[in-house]
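Each reported figure results from applying straightforward, stated rules to the coordinates on display, with no laboratory input. Just so you know, these numbers come straight off a predicted model, no measurement behind them. Heads up, the Cβs are rebuilt from the backbone with ideal geometry, glycines too, and the neighbour counts pull from every protein chain shown.
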Amino acid sequence: ADLMAWFEQQERWEAEVALIVRQLRQRLGKVDSSSIEQIRRLSTEQLEALSLALLDFSEMADLVTWFEQQELSFGNE
């Protein structure tokens, strides 16, 4: 049962990553592969935060800044 729950959680995480990448492409145009890799390394909580933050993004620099802020806050924990 635990393994099944883990698989279901992974599927939800993958779906969330895919949705965020689609939203970013819609909002910013092309999203480079290194940014997608960074997104794939985010926790579920960070993905949720990004899904809200990206609503205010207008350029790739906004995403880069968001990643930098995540690293800073993660480093301070």
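Figure legend: label point modelled 7 angstrom from the Cα of LEU3 along Cα→Cβ; residues of segment 9-46 with amide N under 19 Å from it are 9-12. Helix 44-53 and the longest principal axis of the C-alpha atoms of the chain enclose an angle of approximately 30°. Take the alpha carbon gyration tensor of the chain, find the square roots of its eigenvalues, order them as a ≥ b ≥ c, and report rounded if a/c is under 1.5; if not, report prolate when a/b exceeds b/c, else oblate. Oblate, since a/c reaches 1.5 and b/c is not below a/b.
Relative contact order of the chain: what whole-number percent is it, with Cα pairs under 8 angstrom and at least 6 residues apart?
Relative contact order for the chain comes out at 30 percent.
What angle, in degrees between 0 and 90 and rounded to the nearest 10, separates the Cα long axis of helix 2-28 from the longest principal axis of the Cα atoms of the chain? With rounding to tens, the tilt is 20 degrees.
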